[in-house]
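Undergrad: Here it is, the structure in full.
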Amino acid sequence: MSRVLQSWIGGRWIGAAGAIELRDAIGGEVVASTHAEALDFEQALAHARTSGLAGTLAIDFQQRAAILRALAKYLGEHKESLYAQSAWTGATRADGWIDIEGGIGTLAAYAGIGAADLPSGNVVHEGPVVPLGRKGSFAGTHILVPRRGVAVHINAFNFPVWGMLEKLAPSFLAGMPCIVKPATATSYLTEACVRLIDASGLLPAGALQLVIGSTGDLLERLEAADMVTFTGSAATAAKLRVHPNLVRHAVAFNAEADSLNCAILAPDVAPEDPEFGLFIDEVVREVTVKAGQKCTAIRRALVPASRLDAVAQALRARLAAIVVGDPALEGVQMGALASLEQRRDVEAQIARLRADAELVLGDAALALRGERCAGGAFVGPSLLVARNARTAVAAHEIEAFGPVTTLMPYADIDDAVDIAALGQGSLVGTVVTRTPAIAADVVRQAAAWHGRLLVLDASCAAESTGHGAPLAPLKHGGPGRAGGGEELGGVRAVHHYLQRAAVQGSPAMLAAVSGEYVRGAPVIESDVHPFRRYFDDLRIGESLLTHRRTVGEADIVNFGCLSGDFFYMHFDEEAARASQFGKRIAHGYFVLSAAAGLFVSPSPGPVLANYGLDTLRFVKPVGIGDTIQARLTCKRKIDRPTRRPGDAGQGVVAWDVQVTNQNGETVASYDILTLVSKRASE
């Protein structure tokens, strides 16, 4: 007897009576069913808005990043239980790896992004501070804060684990509790993952809830601070976008929709070139991985008209050799679609595509490997050729969401870009070329219609992650038909879940709001050098005004000899006099080094290392005879959670450094980043 899936709502698992039967995509056996019980979405939202928000915002960006790291580790240790159910979706082990370990890897990636790019606390000072008055007493800046709403994530059937985790990671980092609604067909795998997350005990109560089945009146109950993200068909995205309640309250909506992605073989690539093989490999991979059920799959393969037959022959031979069947059997390269309903839909779309294109490879004589496959949702690799790309209307409008691609010729590279644009916006495009100038031409034009572009040649092939792989550091989304949304993209995804606000006031007020020192705000002068303070004791605004140093000619000469920098502005009196500065000037990096000599405390202490500079600007030249002075001020503290028991730990301190001359004018400005020890516990 199959099990009844349960929703995780209000801190309880709900569901006992079966409703819709869900079947193994390989053999057709019933493996689970949705539950018949109606859900109380008012209760779900109340739980998220009370317990969820309170628990999530009781910790800060750094602590939430640490939770994501621990959660990724926990799921990685229990991943085999997910692989066991992933097989029911029709996925091979390699397909499951993309979904399961790709999702876990995204959690880990956002743990690293949070630790590296986000502050302690729950306010991001986006900056920069902009003076709004002549005397410096009035300024403005931008901050990002948690929206204090709920994120509703509506996901597609093809990636039941990754689809949830790639949205959970940035929204949880941003402090938003989530309600996840997976597609019904593969919701058993999402439910299994949520059960693991619940068992881990790592997330605050109410930070994650799961809906199995219909969303009921959930969208009608959302408010202005909430967000909706959707992954799925462009048609469904269009309907959700104009949902009356979402429109009424201007609820933020992000869509990542299936699109007619393309790959372009450039005219400089001949069949004997390695790039020709790379193009064939990429198209074959995108047709067969996940049985073509990827929103990033290559649906249109554009090739020079002179290469059409060669490419068609190569693709047909490779795709015809793909072994389709039960992924549990050795040698099977492609499994089934996720459901029989999906198979019927793909077959119908192929029939529509054939109105404008010739089917050169289909599954009429598909030989399946495996005794269980007779009742499965199998569709073999299908290759169509549209010999007139511009009149093949169906290929630019219809997506068969399976192992299907259409090959089409173009006249020249501008024609290829125009044909690609007929898809009205896509998530990703690939150009395979040997020539940088061609790559630059295609990308600059095609970027208007694509969210991501891969330029593939032999030099990067060994490390390339491929056309169809969204990565945490890079944007996943696209214009037009692709939904116009923004997902991933590193810290950009976290910012997407935060609310941006402009703030105006005095430097002291801006410092208080942002949690960072702002120039012009009062500083804390102390007899103790700031570098002698442990991280725990150091206060934002604690400052040191150094002694002064007059720059002499010997300083310039010695620095030039040490560095090997004999630039004429430092050594050629006549050339320097003829320049806009009218005199020889010191090396900028000498000023930087001299400033460090002014403010560094040389004895061993809590400061462990200097690991970088940010926002460095040389504002005014320093000449022979000028006198410089530095002010070092604690600007920002980032508390790094301790990873090992008994370890005192450390934090990151950003110091504002302002170097001035004898006239009080700023000559150099930058932030220096240091690792600072915490005080050992008694």
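Undergrad: Kindly list the number of the only condition in (1) open to solvent by less than 30 Å² (accessible area, probe 1.4 Å); (2) closer than 24 Å to Ala458 by Cβ that fails for Gly325.
TA: Evaluating Gly325 over (1) open to solvent by less than 30 Å² (accessible area, probe 1.4 Å); (2) closer than 24 Å to Ala458 by Cβ leaves (2) as the failure.
Undergrad: Just name the residue that is surrounded by the most Cβ atoms within 10 Å (Cβ to Cβ) out of those in segment 509-563 that are assigned to a loop (DSSP other than H, G, I, E, B), out of contact with any Pro (no Cβ under 7 Å at 6 or more places or on another chain) and among the hydroxyl-bearing types (Ser, Thr, Tyr).
TA: So, considering only residues that are assigned to a loop (DSSP other than H, G, I, E, B), out of contact with any Pro (no Cβ under 7 Å at 6 or more places or on another chain) and among the hydroxyl-bearing types (Ser, Thr, Tyr), the one surrounded by the most Cβ atoms within 10 Å (Cβ to Cβ) is Tyr517.
Undergrad: Output the residues belonging to segment 9-47 that are farther than 16 Å from Ser187 by Cα and β-branched (Val, Ile, Thr).
TA: Matches in segment 9-47: Ile26 only.
Undergrad: Among the residues of segment 644-665, is there at least one that is among the β-branched types (Val, Ile, Thr), within 22 Å of Gly541 (Cα to Cα) and in contact with a helix residue (DSSP H, G or I) (Cβ under 7 Å, 6 or more places away or on another chain)?
TA: We begin by selecting, within segment 644-665, every residue among the β-branched types (Val, Ile, Thr); these are 652-653, 657, 659-660.
Filter again for within 22 Å of Gly541 (Cα to Cα), leaving 652-653, 657, 659-660.
Narrowing the set further to residues that are in contact with a helix residue (DSSP H, G or I) (Cβ under 7 Å, 6 or more places away or on another chain) leaves 657, 659.
The answer is yes, given that some residue of segment 644-665 is among the β-branched types (Val, Ile, Thr), within 22 Å of Gly541 (Cα to Cα) and in contact with a helix residue (DSSP H, G or I) (Cβ under 7 Å, 6 or more places away or on another chain).
Undergrad: Still on this structure: Return yes when Leu340 is more than 22 Å from Gly370 (Cα to Cα) and either open to solvent by 20 Å² or more (accessible area, probe 1.4 Å) or without any contact (Cβ under 8 Å) to a residue 12 or more places away in the chain (or both) and no when it is not.
TA: Considered against the rule, which asks whether it is more than 22 Å from Gly370 (Cα to Cα) and either open to solvent by 20 Å² or more (accessible area, probe 1.4 Å) or without any contact (Cβ under 8 Å) to a residue 12 or more places away in the chain (or both), Leu340 comes out as no.
Undergrad: Please go through (1) of a type outside the set (Val, Ile, Thr); (2) touching a strand residue (DSSP E or B) at 6+ places or on another chain (Cβ under 6 Å); (3) surrounded by fewer than 19 Cβ atoms within 10 Å (Cβ to Cβ) for Arg147 and return the number of the only condition it doesn't satisfy.
TA: For Arg147, the failing item is (3).
Undergrad: Condition (residue is over 36 Å from the mean Cα position of the chain (by Cα), within 17 Å of Tyr517 (Cβ to Cβ) and of a type in the set (A, V, I, L, M)) applied to segment 618-634: is it met by at least one residue?
TA: Checked against the condition, which is being over 36 Å from the mean Cα position of the chain (by Cα), within 17 Å of Tyr517 (Cβ to Cβ) and of a type in the set (A, V, I, L, M), segment 618-634 yields at least one hit.
Undergrad: Another question, then. If you take the residues in segment 349-378 that are in a helix (DSSP H, G or I) and under 25 Å from Ala87 (Cα atoms), which one is least open to solvent (accessible area, probe 1.4 Å)?
TA: Among those residues, the one meeting the criterion is Cys373.
Undergrad: If you take just the strands (runs of 3 or more DSSP E) that sit entirely in segment 1-117, which of them hold at least 2 residues that are open to solvent by 30 Å² or more (accessible area, probe 1.4 Å) and under 26 Å from Lys290 (Cβ atoms)?
TA: 18-23
Undergrad: Which residue is nearest to Lys167 (Cα to Cα), if the candidates are limited to segment 88-114 and must be out of contact with any Phe, Trp or Tyr (no Cβ under 8 Å at 6 or more places or on another chain) and charged (D, E, K, R)?
TA: Filtering segment 88-114 for residues that are out of contact with any Phe, Trp or Tyr (no Cβ under 8 Å at 6 or more places or on another chain) and charged (D, E, K, R), the one nearest to Lys167 (Cα to Cα) comes out as Glu101.
Undergrad: Kindly indicate the residue of segment 262-309 that is charged (D, E, K, R) and not in a helix (DSSP H, G or I) and also surrounded by the fewest Cβ atoms within 10 Å (Cβ to Cβ) among those meeting that condition.
TA: Per the stated criteria, the residue is Glu272.
Undergrad: Restricting to segment 207-243, name every residue that is farther than 26 Å from Asp99 by Cβ and in contact (Cβ under 8 Å) with a residue 12 or more places away in the chain.
TA: Gly216, Asp217, Leu219, Glu220, Arg221, Leu222, Glu223, Ala224, Ala225, Asp226, Arg241, His243
Undergrad: If you check Glu80, Glu42, Glu29, Glu37, which single one turns out to be within 30 Å of the chain's Cα centre (by Cα) and either acidic (Asp, Glu) or at pLDDT 95 or above (or both)?
TA: Exactly one of Glu80, Glu42, Glu29, Glu37 is within 30 Å of the chain's Cα centre (by Cα) and either acidic (Asp, Glu) or at pLDDT 95 or above (or both), namely Glu80.
Undergrad: OK, next. Given the residues Arg316, Arg387, which is the only one that is more than 20 Å from Asp95 (Cα to Cα), of a type in the set (Lys, Arg) and crowded, with 16+ Cβ neighbours inside 10 Å?
TA: Just one listed residue meets the conditions, Arg316.
Undergrad: Looking only at segment 472-514, how many residues end up being over 28 Å from Leu53 (Cα atoms) and in contact (Cβ under 8 Å) with a residue 24 or more places away in the chain?
TA: Residues in segment 472-514 being over 28 Å from Leu53 (Cα atoms) and in contact (Cβ under 8 Å) with a residue 24 or more places away in the chain: 10 in total.
Undergrad: Name the pairs whose Cβ atoms lie under 6 Å apart, with the first residue in segment 555-581 and free of Cβ contacts under 8 Å to residues at least 24 places away in the same chain, the second open to solvent by 50 Å² or more (accessible area, probe 1.4 Å) and not polar (S, T, N, Q), and 6 or more positions between them or separate chains?
TA: Ala575/Tyr568; Ala576/Lys583
Undergrad: Could I ask something else about it? When both residues are 6+ apart or on different chains and their Cβ atoms are under 6 Å apart, which pairs have a first residue that lies in segment 1-29 and is on the phi > 0 side of the Ramachandran plot, and a second that is surrounded by 17 or more Cβ atoms within 10 Å (Cβ to Cβ) and among the β-branched types (Val, Ile, Thr)?
TA: Gly15/Val4
Undergrad: Let me ask another. Does Ala139 fit the bill of being more than 20 Å from the chain's Cα centre (by Cα) and surrounded by 15 or more Cβ atoms within 10 Å (Cβ to Cβ)?
TA: Considered against the rule, which asks whether it is more than 20 Å from the chain's Cα centre (by Cα) and surrounded by 15 or more Cβ atoms within 10 Å (Cβ to Cβ), Ala139 comes out as yes.
Undergrad: If you go through segment 379-395, how many residues are farther than 16 Å from Gln333 by Cα, part of a loop (DSSP other than H, G, I, E, B) and either in contact with a strand residue (DSSP E or B) (Cβ under 6 Å, 6 or more places away or on another chain) or of a type in the set (Lys, Arg) (or both)?
TA: Summing the residues that are farther than 16 Å from Gln333 by Cα, part of a loop (DSSP other than H, G, I, E, B) and either in contact with a strand residue (DSSP E or B) (Cβ under 6 Å, 6 or more places away or on another chain) or of a type in the set (Lys, Arg) (or both) in segment 379-395 gives 4.
The values are calculated or read from the model by the stated rules, or taken from the named source; none is laboratory data. Predicted model, so just to flag it, every value in this text is computed and none were measured. Positions of Cβ are backbone-derived with ideal geometry, glycine not excepted, and every protein chain shown enters the neighbour counts. Ligands, DNA and RNA are excluded from the accessible area calculation, which covers all protein heavy atoms including side chains. Shrake-Rupley method; radii C 1.70, N 1.55, O 1.52, S 1.80 Å.
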